[in-house]
Amino acid sequence: MRRGGENMKICIIGTGYVGLVTGTCLSDFGLEVTCVDKDSEKIKGLNNGKIPIHEPNLTPLIEKNVKEGRLSFTTNLRQAVEKSEIIFIAVGTPPNNDGSANLKQIEKVIRQIAHHLNGYKVIVNKSTVPIGTAAKIKEIINSFSPSPFDVVSNPEFLREGSAVYDFTHPDKIVIGTTSEKALKIMQEIYRPLYLIDTPFVITNPETAELIKYACNAFLATKITFINEIANLCDKVGVDVHQIAKAMGLDGRISPKFLHPGPGYGGSCFPKDTKALYNIAANRNYDFKILKGVISANKRQRELMVGKIKELMGDLRDKIVGILGLAFKQNTDDIRESASIDIIKILLKEGVKIKCFDPLAMDNTKKILPNLTYCQDEYETANDSDALVITTEWNQFRNLDLSKIKKLLKSPILLDLRNLYEPEKVKKLGIIYEGVGRK
């Protein structure tokens with residue numbers, strides 16, 4: 001893509017899920033992109049073709065655009081900033097102890113950018129941040145540099161496991177800015193998405209910042225609501241799948257995010273719900289629904305352990321096989337994973353854990369080195385007192401259950417993702433329980 005006869009040059013600061021996917025996809029739009037990270041080992045690996053995250057379809061896209069000269073990786077922030085017109089910030093905003101977003105990484109990067117401004121720049125924030133961060137960015141840069149610039153809030157809505165598709169086929173593009181010049185540049189960057197009729201929401205930075213939190217908090221609320229309905233279904237003997245199907249057929253509700261389980265996890269929903277609650281609390285507003293969502297999601301893990309106790313009795317010295325460690329399928333990310341939380345509770349109960357996950361075992365070993373890590377589902381089941389499915393990997397949907405039954409000490413299967421039909425499993429002589437399907 002060209003603008004004014006010259007190739008538009010972009011700098012992406014941060015090469016995590018958001019930064020690496022954003023940079024790669026923008027380079028595939030025909031833009032010249034330089035991805036910057038302070039982690040020299042990560043940059044060295046990227047320059048040698050080693051991708052630091054697992055994301056379907058990302059590796060070939062990186063290889064293609066590096067080969068064609070549109071995508072590069074460096075630790076030299078100064079050089080990248082000086083040669084770029086548009087600078088995307090995609091660094092982490094981890095939670096503080098009170099749940100608020102920690103902006104130290106963003107503030108540090110902004111100060112570095114300010115020292116290297118050499119002409120007009122558009123500074124685009126992709127990180128999830130509290131309301132007023134764009135104004136704070138302006139204030140910091142103005143205190144260091146007289147160079148002209150504009151700030152844009154452009155939140156991301158990428159799902160791990162489908163981030164490349166989400167970037168290239170988004171439901172919406174949100175652009176928050178008060179500058180007509182910056183807006184035109186952002187519209188040019190995303191011009192390929194106009195061709196597929198992507199809706200654009202043009203607003204001010206503060207509204208854009210809150211849109212991201214509102215979306216994630218609502219989705220977390222929807223997940224939590226169907227989990228609460230599932231818990232009630234267990235009490236009254238009703239199948240939650242029938243209820244979720246009926247709810248999903250209502251056009252006002254839609255079927256998405258109506259899948260009961262052990263609770264939401266990952267790098268976004270837990271962090272963003274807590275941050276939004278903190279934003280409200282700092283403005284003397286008690287966000288009661290969100291408080292309930294956060295509390296209920298934590299309790300959901302404990303209720304799942306309660307199911308295990310109900311089926312197995314005294315847990316001390318029992319062996320439980322866990323299938324799934326990542327917070328969702330198609331990723332190696334274990335941040336805020338329901339599976340990891342459940343394992344930690346079980347360990348306190350004196351349980352011995354055997355486990356398997358197609359991608360997330362290396363990450364789990366870093367924090368839980370004393371688990372027994374298995375080669376596959378069947379080794380995990382062998383000599384276990386029960387088998388628990390905690391992540392909805394497709395390969396867990398078609399297990400040889402007759403073989404699983406023979407391998408287990410006791411024929412107990414707890415399916416926390418409702419991958420199987422209860423009656424079919426029970427006919428095999430397996431003690432089976434899902435979520436909301438008693």
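Do any of K38/K271; K83/K212; K271/K348; K9/K184; K38/K108 go past 22 Å between their Cα atoms, and which? Present the calculation step by step, with values, prior to reporting the outcome.
Working: K38/K271 24 Å; K83/K212 30 Å; K271/K348 25 Å; K9/K184 15 Å; K38/K108 12 Å.
Flagged as over cut-off: K38/K271; K83/K212; K271/K348.
Determine the gain in length on full extension of the stretch E68-D197; use 0.36 nm per residue of separation and subtract their C-alpha separation, reporting nm with one decimal.
Numbers: separation 129, 0.36 × 129 = 46.44 nm, distance 2.75 nm.
Difference between extended and current length: 43.7 nm.
Given R0 = 41 Å, the distance between the Cβ atoms of N96 and T372 translates into a calculated FRET efficiency of 0.70.
Taking E228, E421, E160 in turn, the Gaussian network model of the chain (Cα-Cα springs below 10 Å) assigns the largest fluctuation to E421.
Give the residue from L26, G49, P60 lying farthest towards the positive end of the charge dipole for the stretch 11-68; charges sit on Cβ (+1 for Lys and Arg, -1 for Asp and Glu) and the dipole is referred to the Cα centre. Most positive-ward Cα: G49.
Highest mean first, the peptides 232-240, 172-180 sorted by other C-beta atoms within 10 Å per residue fall in the order 172-180, 232-240.
Among the listed pairs K366/K438; K291/K438; K222/K344, those with a Cα-Cα distance over 32 Å are K366/K438.
Listed from fewest to most Cβ neighbours within 10 Å, the set K403, K9 follows the order K403, K9. Each Lys and Arg contributes +1 and each Asp and Glu -1, all at the Cβ; summed about the Cα centre of the chain, the dipole is approximately 400 debye. What the Cβ-Cβ distance of S40 and S147 gives, at R0 = 22 Å and to the nearest 0.05, is a FRET efficiency of 0.20. Averaging the Cα positions of each part gives two centres, and for the stretch 201-252 and the stretch 273-326 these lie 16 Å apart. Across the chain, Cα pairs under 8 Å and at least six residues apart give a relative contact order of 12 percent. Here I389, I404 are placed in order of increasing Cβ neighbour count within 10 Å, fewest first, which gives I404, I389.
For the chain, what is the calculated [θ] at 222 nm in deg cm²/dmol (nearest 500), taking -39500 (n - 2.57) for each run of four or more DSSP H residues and dividing by its residue count? Numbers along the way, then the final one.
Values: 18 runs with 195 residues, N = 438.
-13500 deg cm²/dmol, from helical runs alone.
Translational diffusion coefficient, Stokes-Einstein: compute it for the stretch 215-433 using the Kirkwood radius over C-alpha pairs as Rh, at 20 °C and 1.002 mPa s, and state it as an integer in µm² s⁻¹. Value of D from the Cα-based Kirkwood radius: 119 µm²/s. Give the separation of the Cα centroids, the stretch 110-148 to the stretch 349-380, in Å. Rounded to whole Å, the Cα centres lie 44 Å apart.
When both bridge partners sit in the chain, DSSP labels roughly 10% of those beta bridges antiparallel.
Every number here is computed from the coordinates shown, using simple stated rules; none is lab data. Keep in mind the model is a prediction, meaning the values are calculated, not measured. Cβ coordinates were reconstructed from backbone atoms using ideal geometry, including for glycine residues, and neighbour counts include every protein chain displayed.
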